[in-house]
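Written out below as structure tokens is the structure these notes cover.
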Amino acid sequence: MELSETAKLALPIVLAQVGQITMMTTDLVFIGQLGAEAIAAAALAGRVYLMSFTFSAGLLGAIVPLSAQAFGANNRAVVRRTVRMGLWAALLSSFPIMAFALGGEQMLLALGQAPAAARLAQQYLFGLTGGVAPALWFLALRSFMSAVGRPEPVLWITLAAIPLNGLLVYLLIDGKFGLPRLELFGVGLATTLVNFATFLASVCFVLLQRPLRDHHVFTRLWHFNGNSMRQLILIGMPISLASLMSYGLSLAASLLAGLISTRVLAAHQIAFHVAAILFMVPFGISMAAAVRVGQAVGRNDGPGMKRAGLAAMLFGLLITAILTLAVIAARFEIAEMFLSEAGRHTDPTIWLAAELLFVAAAFFITDAVQSIAAGSLSGLKDTRVPLLFAGVAYWLVGFPLSYVLSLKIELDAIGIWIGLSIGKALYAALLVVRFLLLTSK
């Protein structure tokens, strides 16, 4: 029963996440036509952007457990205040993200990246900057809809956004129908336009569709509630910091790959993009786990909390294992999909990317477990101890191993992925044990 309920809630969320990554994949395929250097620059820009964006996204992640617990307790007033403060937090946090993105080239140069790659990365970041606030607002409303058990509108919005994004990238990257050729800046600008469209569509659903409109989340939108904002920060800040550690680890791994060679960085980016695609499935299940566990807390259903978390972990593990086997079987075709248009000189990059996809299999599975376990713990509003676990697993174990294995033992990109996999495995184990201990009390 619990497994079916989790699957029913998770499926629209997962499909929406897959839709998001489909748009990212479309972007990367178009960028690949510009060459391996453009892919490497997009990798650097993506790491810079996500490192800052993730901080705010993690803060807004507190909307799910807080709203789910209030919804389980049938307290619409708390749901409304939580979402309202989430929209405030999204606006306030968008400004430092934009400032961070606008200074991306200087930061990349300071970190030792090639000037040409840093310049191209900055073009991409310029295009992305204007869409930060609507992207965060959409995330806040998406969290609200998931928390009250109505994730379907997010899926519909995302499905409509996929062709829109593809069309805009096609028109802007090469300058079709008389438009200027904008290349990487055009890809970023397309993302900004899509972010505005998805946010406006989500507002329409929240205002017009029952039962979403019955919560009246836009009522007294200008009213600031200090207690609700404090709760949002107390629960969301550790999520932000843990996510920042994770994306910081991704950035550090990309920088390590960039220090080796541009070819290694391009292959590493392909493997990381595949990891991001696979991660969308457990991330969606993680949101469903946070909702189911949080609603059980609101109902004061102790056994239901444990069942919800374990069912979600089992569900995510099985699906990710199947997807990982599919990636291993099709690893060469996947690599060729990104680089087939870039020229014969990319053949070594294709082989290296395929090899990394095989080595990263353990990473894919442990990343799924840690994501769902973290979501289950956030449903209990337990976020501070997982933050400590992230610091230990990622930065005291994972990254040092990646550095030593790649640069000192000279395993290059393979060493990076072995270290990352070990760090993820440790983090996943710690989170699962933590969840079992808390729900067994």
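The values are calculated or read from the model by the stated rules, or taken from the named source; none is laboratory data. On a predicted model such as this, the values are computed, not experimentally measured, just so you know. Neighbour counts are summed over all protein chains in view; Cβ atoms, including those assigned to glycine, are modelled from backbone coordinates with ideal geometry. Note: areas computed on protein heavy atoms with side chains; ligands, DNA, RNA excluded. Shrake-Rupley method; radii C 1.70, N 1.55, O 1.52, S 1.80 Å.
Averaging sequence separations of C-alpha pairs under 8 Å and six or more residues apart, then dividing by the length of the chain, give the relative contact order as a whole percent. Can you show the working numbers first?
Numbers: 759 pairs, mean separation 105.4, N = 441.
For the chain, the relative contact order is 24 percent.
Taking all protein chains into account, the per residue accessible area for the chain stands at 39 Å² (1.4 Å probe). As a rough guide to protection, the peptides 404-414, 19-29, 188-198 ranked by mean Cβ packing within 10 Å, highest first, stand as 188-198, 19-29, 404-414. The heavy atoms of Lys381 offer some 80 square angstrom of accessible surface to a 1.4 angstrom probe.
In debye, nearest 20, what is the charge dipole magnitude of the chain about its Cα centre with +1 on Lys and Arg Cβ and -1 on Asp and Glu Cβ, if you could check? Numbers along the way, then the final one.
On the way: 28 positive and 19 negative charges, 356 e Å.
So the magnitude is around 1720 debye.
Our helix-only sum for the chain, with -39,500 (n - 2.57) per DSSP H run of n ≥ 4 divided by its residues, gives a mean residue ellipticity at 222 nm of -28000 deg cm²/dmol. Protein heavy-atom surface of the chain, 1.4 angstrom probe: 68% of the accessible area is carbon and sulfur, with nucleic acids and ligands not counted.
Calculate I(q)/I(0) for the chain by the Debye formula, one identical point scatterer on each C-alpha and no solvent, and give its log10 at q = 0.13 Å⁻¹ to two decimals. So the normalised log intensities are -1.17. Computed as a quarter of the hull surface, the mean projected area of the alpha carbon convex hull for the stretch 21-63 stands at 3.3 nm².
Each Cα pair under 8 Å and six or more residues apart adds its separation to the average, and for the stretch 1-224 the resulting relative contact order is 27 percent. A straight Cα-to-Cα reach below 20 Å connects Lys306 with the lysines Lys8, Lys381, Lys441, residues fewer than 8 places away in its own chain not being considered.
Taking a straight Cα-Cα cut-off under 14 Å and skipping sequence neighbours fewer than 8 places away in the same chain, the aspartates and glutamates within cross-link reach of Lys424 are Asp367. Largest accessible area first, the residues His215, His223 order themselves as His223, His215 under a 1.4 Å probe with ligands, DNA and RNA left out. Computed from the alpha carbon atoms alone, the convex hull of the stretch 236-440 holds 99 Å³ per residue.
The 1.4 Å probe gives accessible areas that order Leu141, Leu208, largest first, as Leu208, Leu141. Considering only Cα atoms, the convex hull volume of the stretch 1-224 works out to 132 Å³ per residue.
Taking θ as phi - 60° and the Karplus parameters 6.51, -1.76 and 1.60, the scalar couplings of the stretch 281-289 work out to 5, x, 5, x, 5, 4, 5, 5, 5 Hz in sequence order, x denoting glycine and proline.
Solvent-accessible surface of protein heavy atoms, probed at 1.4 angstrom with all chains present, puts Trp417, Trp137 in the order Trp137, Trp417, largest first.
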